[in-house]
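The next block holds one structure in the form of structure tokens; read it before the comments.
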Amino acid sequence: MKWLKIRTLLLLSAIFRVILIVYGEWQDTHMEVRYTDVDYLVFSDAASLMANGESPYKRTTYRYSPLLAFLLTPNSFIHRSWGKFIFSAADLFVGSFIQYILKKREVPEDMCLYSAMVWLLNPFTFTIGTRGNCEPIVCAMILWIIICLINGNVVQAAFWYGLVVHFRIYPIIYALPIVLVLDPHSFQSGQKPRLVNWKSSQDNASHGRKEGSEVYGVWTALKTIFTRGRIMFAMVSGSVFMLCTGLFFYLYRWEFLNEALLYHLTRTDPRHNFSIYFYHIYLHVEHEFSVVEKLISFLPQLIVQLVLIIRFAQDLPFCLFLQTVAFVAFNKVITAQYFVWFFCLLPLILPWSKMKLKWEGLSCVLLWMGAQTHWLLWGYLLEFKGKNVFLQLWLAGLVFLAANSFLLIMFIRHHKYSPVFKQFAPATSGNRDKSEINSFVSTELSGTNFQINSTRRKYGSSMTRKNLERDVGRKRVFILVSHGLVNFQFERRTSILAGLENCITI
């Protein structure tokens, strides 16, 4: 697809979304079945209340952060479709972020484009934003956090993470893998983390996992839990979350806390949905569930999350994808909009999948869509025909859970494990390396000016070995030679470019 570039794809996607929004306005006016999502009407009503200086929670069933209502206040004085344009813009940002992340990891251009198309041309995702659902904003924020991490901007990533958890509580499940990926051997002070590119992961897919297990023991891991990067991430993200929550608690009191946060932690929906728990909740709708019953429903979700995090945390996009699929599949309430949560992460893992579209990939798509269609058939008979098919609907939910579990297994089996960040192994032969450095300096660069941590120091042929070893022990030494600036990284064997032609390895 040499004729199609990412900018052209984004432009065509934007035009298509504008057409859908305009068409949606026409359908809402002229047809009985509305195109606009019912949630969008709730958002708009809450935004109108906020614009008039009232609490957005006066609108029943508004159970989101006041930030969402604030974003949609122009619905009242610009146009009622303002929010749809905001959500669709976020939708386009997701496609752009997908392409950026894959390009940073040196995925081939065509593969980057195909992966972006999986999101931008997906009928499910482009209708979500144009119908007025806010999930594309959450997806864009999550991908932006990944971009901040791969660029080494831990503070910025923490800020957006605290904000997105306040905005939509479910990304709290990503806290542990993000903290684990902030490994001190990958995120070193003053240095940008180095990424494992696509080509190297294809050449040796299992190298990263094997190397990690050999170099770092349990005791080393325990000693490096509380690192500067992890503490900073926790403090900044926690502060942003608490600041937003505290501000809106001050403005709207317990009404905000109950509707925007606590409701989602204790939610039980007796109406039919994809969850396997709905039938039990429906049968006991008037019964107050005990703490033990609530804990049991969370237990499978918690166990699966911990297993996936422990196994795949270093391969961050893949871990987040698996977590999200498992979280949705085992949740107490599942609606179709939740699928967007993992659709935005799917394109980030496709270049590392060995699954061929022709057979395995197509069979997985058909299985997932077939299980969903099967459930929707029974849902139609219940809701529109008034048939008593609650038991059949629950069995269809079990089939859908099985389909999601099968997809998880297929993705894991066909994925080429690839940690996002390269790790620097601690030096195990420091004395040998230092002697090699001394020999190299005394024989090749005697009398050269060494630039060490921005402090120039002169080393002659009679230099003190102890001073050199102390300066090299600061981990980064810049050697200023007559032909230019070259770099030496102490904690790994590397190549030093002396001048413009001679490459000396130590």
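Observations
- A cut-off of 5 Å between modelled amide H atoms, ignoring neighbours fewer than 5 places along the same chain, links Phe421 with Val196.
- Stokes-Einstein diffusion coefficient of region 313-356, Kirkwood radius over Cα pairs, 25 °C, 0.890 mPa s, in µm²/s: 221 µm²/s
- Evaluating 6.51 cos²θ - 1.76 cosθ + 1.60 at θ = phi - 60° for every residue in region 343-357, the Karplus couplings come out as 4, 6, 8, 4, x, 6, 10, 4, x, 9, 9, 8, 6, 7, 5 Hz, glycine and proline recorded as x.
- Residues in region 26-129 average 46 Å² of solvent-accessible surface per residue, probe 1.4 Å, ligands and nucleic acids excluded.
- Pair Arg413, Leu176: separation of 7 Å Cα→Cβ label points (nm): 2.6 nm
- Apportionment of accessible area to carbon and sulfur, region 80-190, percent (1.4 Å): 69 percent
- Counting only protein heavy atoms and a 1.4 Å probe, region 287-380 has 46 square angstrom of accessible area per residue.
- Working from label points 7 Å from Cα in the Cα-to-Cβ sense, the Trp26 to Tyr250 distance is 4.9 nm.
- Once backbone amide H atoms are built at 1.01 Å from N, His415 has Lys354 as its partners under 5 Å, excluding neighbours fewer than 5 places away on the same chain.
- Checking the cross-link pairs Lys58/Lys387; Lys104/Lys356; Lys103/Lys416 against a 26 Å limit on the alpha carbon distance flags Lys58/Lys387 as lying beyond it.
- Based on Cα atoms of region 338-397, Rg over Rh with Rh as the Kirkwood radius reads 1.14.
- Charge tally for Tyr161 (other residues, Cβ to Cβ under 14 Å; Lys, Arg +1; Asp, Glu -1): +2.
- Inverting the pair-averaged 1/r between distinct Cα atoms of region 35-83 gives 10.3 Å as its Kirkwood hydrodynamic radius.
- Alpha-carbon gyration tensor eigenvalues x 5, square-rooted, for region 1-146, Å: 31, 18, 11
- Summarising the label geometry, the points placed 7 Å from Cα in the beta-carbon direction at Met111 and Ile231 lie 3.9 nm from one another.
- Per-residue SASA entry for Lys387, accessible area with 1.4 Å probe, Å² rounded to 10: 110 Å²
- Hz values of 3J(HN,Hα) by residue in region 144-157 - Karplus curve (6.51, -1.76, 1.60), Gly and Pro given as x: 5, 4, 4, 4, 4, 5, 6, 8, x, 8, 5, 5, 5, 4
The values are calculated or read from the model by the stated rules, or taken from the named source; none is laboratory data. Please read these numbers as outputs of a predicted model, since none were measured by experiment. Please note: Cβ atoms are built from the backbone with ideal geometry, for glycine as well, and neighbour counts cover all protein chains shown. With ligands, DNA and RNA removed, areas are computed over all heavy atoms of the protein, side chains included. Shrake-Rupley method; radii C 1.70, N 1.55, O 1.52, S 1.80 Å.
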